[in-house]
Every structure is written in C-alpha cells, then in structure tokens.
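The values are calculated or read from the model by the stated rules, or taken from the named source; none is laboratory data. Treat the numbers as computed from the prediction; the structure is a model and nothing was measured. Quick reminder, even Gly has a Cβ in these numbers, built from the backbone with ideal geometry, and neighbours come from all protein chains shown. Ligands, DNA and RNA are stripped out before the accessible areas are found, and what is left, the full protein with its side chains, is counted by its heavy atoms. Shrake-Rupley method; radii C 1.70, N 1.55, O 1.52, S 1.80 Å.
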Amino acid sequence: MTDIDKLIANTIRADVRAGSSYKVPDSIGYVKLDAMENPYQLPDALRAELGQRLADAALNRYPVPSYETLKRRIRAKLGVPAGYDVILGNGSDEIISILTMACARQAGEGRGRAVTLAPVPDFVMFRRSAQFAGMDFVGVPLKADFSLDRPAMLEAIAEHKPSLVFLAYPNNPTGNLFAADDIVAIVEALGDSGIAVLDEAYQPFARASFMERLPSFPNMVVMRTLSKLGLAGIRLGYLAAAQPLLEQFDKVRPPYNVNVLSQVAAEFALDHLDVLDAQAARLNAARAELSGAMAALAGVTVFPSSANFITVRVPDAERTCAKLFAEKVLIKNLSKMHVLLANCIRVTVSTPEENAQFLNALKASL
Ligand SMILES: *Cc1c(COP(=O)(O)O)cnc(C)c1O
C-alpha cells in the first residue's frame, strides 16, 4: 500500500512542500477590482468577426512553433526596434519562468547558485520563479516614496552579482514609473555579468518604454503582455531582446507554448489595436478622476500611478477591505506584502459605474 504523505515527503522538494499555491479569490458576484483587468470587451461586431476566425483555426494541428505571423505583427505594431525579434510566452508569467530557468546554474558548474535581484515590494512572480528555478532571490527595498534606492541597488549588484535584475516599469504593486536615469545606472552596472529585465506589463497605460533603447543596452531585455491591455484571458506575453540572447531563452521555451486560439485572437486584436488603445486612454482618464476624488478624502494618501491601478494608503486597510468586501467590491490589501506598504490598498481602475461603487464604499469605510 502506498502512503501518500510518505510518497510526497520522498518525492516533492522541501520548499515546494512548505509553500502554497498562488491564491486567487473566488470573485463570482463581486465587482472585481483586484487583478488589473480591463473592464471593457471588444465591440460586438469585432467579437462576431473574431468568432469566425476562431472557428477557422486548425484545432487538429499543433501550432506552428516559430509563431512567425504573430511575431511579425508584434514587431510591426508594438514598437520593437528594427533587427530585434521576440519570443512568446503563455502570459509573461511563463517568460519569467523561462528567464529564471535559463539562468539558474546547476551544481556541477562550480559557481554557486545564481541570483535574481529586484527592488521590493515588487511583482511576486519574480521571487517565486527564481525560487522554483533554483536561484537565490535578493530584494532591495524601495525608498518610502517608492522610488529606486539607487546606491542600495548598485551596492547589492556589486555584492551579489545577480544574473537577472527585474524592474517593473511601471512597478506593481506601487504603480509608479522608476526614474529612467536610475534604471540606466543599474543596466550599466550589470554590464556583461547580468541581464536587466524591464517588465512593461503596464506599458499601454504608461506610454513610457525602454523598448526603443534596446539597441543601446545589449544586456537589457523588454518583456510585455497583452493581459492588462484587455486580453488577460488569452495569456500572451512577449520578450524582445538581442538575437543571441533570444536564441538561448528559446531553448528553454516549451515548443508549443502558445495555443492556436490565443494566436488567432492575438493577431486579430493587434489588427484592431486602435480599439484597445482607446480603451486604455479611457481608463487613464478615469484614473485621473478617481485619483483626484480619493485625494480629496481626509486620511487617504494617493500614490502617483502610471498603470491601470491606484495604490493608496488609508487609516486602516483591514477595515477598508472588510467594508469593501461587504459591499461586494474586491480589491487587494497590500499591507502584509512589505513594511513600506503598511495600510496600503490597490484598486484597479474600471468603468465609471464600478469606480463610483468603489469610491462610495471606500468613503463609508473611513
Ligand atoms: C500582471 C503582471 C504580469 C503578468 O502578466 P501575464 O502576462 O498575465 O502573465 C507581469 N508583470 C507584472 C508587473 C504584472 O503586474
């Protein structure tokens, strides 16, 4: 007879046994403002056309593993510099895994464990992927205003010699864009010993990017996703980098990692990028309005955001989240993520109606 607990102890690694899976709360019946989704769908006419395209997709065939047509659309529409290519991921989450898998050294190399470094608080998948790939993770605290602590970052880079440095631009969960000259100083300090990964998941809202500067920095790569732009459901991320680096990452990528339905939907969406960009512009206008309304509330500190979410400090985050939950509004309590985020909450910018529902519940909680 197999004892399943013994089996797990004998087979599953210790850090996995000790850890927990990525928690996503059940959101049925709630206004969902916790995951930075775009609240708008494509217009009906476009959805009907997309339905036809999806019906024509060859579901009986494996995807073409080079994904050349989709990659060509991405290069042409999303500002990838001439001479640069991309690899695709099943969401940028998978690209983060690919990066860490490619850089985690094996014991036999005799160089010790490789290091991933990032400012904290940051996107949790950087730490999780590094850990699961077998890399050490070093987090360098941001300053209290959520800007990069440049001397501390440079010191940590000199000390730990990270193979990967993740910089989310804008940062999640803080929402701000780091100063470009701080980022350049970090990229230059890494030189030929480390790769700087610019995670531009919120680029559609920030309208700021390092993409065009790829040719200036061979050790910088730029990662993006279609998720926050409005296609979180299809799971499509991409990474732009110098060709020799891409070739290395491509060795680790599962060959058919993006399914044909996502591929067709992404190509279709990129043909209608103007519609998605207009939605992003609407959300940016709503962000300004919601930020202003919250800033007028006593006891609330609004942090500047260049993303489709706003991070604010309230007098009692626990009480605010409980009140919002009772009013059927889901947001994220950031308080326990990091000391810098004490009593901070994060709300996704949504439709005028949902924003108003959130704002009313927030006021009632104060
Ligand atoms: C949401 C998010 C991602 C994940 O994007 P997917 O493409 O949906 O996997 C990556 N990085 C940051 C900073 C994010 O906030």
Q) Just checking, how many residues over segment 26-61 are of a type in the set (Lys, Arg) and exposed (fewer than 10 other Cβ atoms within 10 Å of the Cβ)? A) 1
Q: Within segment 78-108, count every residue that is closer than 17 Å to Gly194 by Cα, in a helix (DSSP H, G or I) and more than 13 Å from the ligand (Cβ to nearest atom).
A: 4
Q. Are there any helices (runs of 4 or more DSSP H) wholly within segment 120-230 with 2 or more residues that are away from the ligand (no atom under 16 Å from the Cβ) and touching a Lys or Arg at 6+ places or on another chain (Cβ under 7 Å), and if so which?
A. 180-190
**Q.** Ser350 vs. criteria open to solvent by less than 10 Å² (accessible area, probe 1.4 Å) and either within 22 Å of Glu200 (Cα to Cα) or part of a helix (DSSP H, G or I) (or both)
**A.** yes
Q) How many of the residues in segment 186-205 are open to solvent by 20 Å² or more (accessible area, probe 1.4 Å) and not charged (D, E, K, R)? A) 5
Q. Does segment 209-225 contain at least one residue that is more than 26 Å from Ser163 (Cβ to Cβ) and crowded, with 21+ Cβ neighbours inside 10 Å?
A. no
Q. Is segment 247-254 home to any residue that is out of contact with any Lys or Arg (no Cβ under 7 Å at 6 or more places or on another chain), modelled with pLDDT of 95 or more, assigned by TED's automatic domain parsing to the domain that holds Lys71 and crowded, with 23+ Cβ neighbours inside 10 Å?
A. no
Q) Name the residues in segment 236-246 that are in a helix (DSSP H, G or I) and surrounded by 17 or more Cβ atoms within 10 Å (Cβ to Cβ), would you? A) Leu245, Leu246
Q.
Cβ contacts < 8 Å: first residue without any contact (Cβ under 8 Å) to a residue 60 or more places away in the chain and within 22 Å of Phe358 (Cα to Cα), restricted to segment 3-30; second residue open to solvent by 70 Å² or more (accessible area, probe 1.4 Å) and polar (S, T, N, Q), any location; separation 6+ or different chain. Result?
A. none
Q: Scan segment 249-262 and give yes if some residue there is hydroxyl-bearing (Ser, Thr, Tyr), part of a loop (DSSP other than H, G, I, E, B), in contact with a Phe, Trp or Tyr (Cβ under 6 Å, 6 or more places away or on another chain) and within 29 Å of Arg224 (Cβ to Cβ), otherwise no.
A: yes
Q.
Given (1) within 28 Å of Gly134 (Cα to Cα); (2) in contact (Cβ under 8 Å) with a residue 60 or more places away in the chain; (3) of a type outside the set (D, E, K, R), identify the lone condition not met by Gly108.
A. (2)
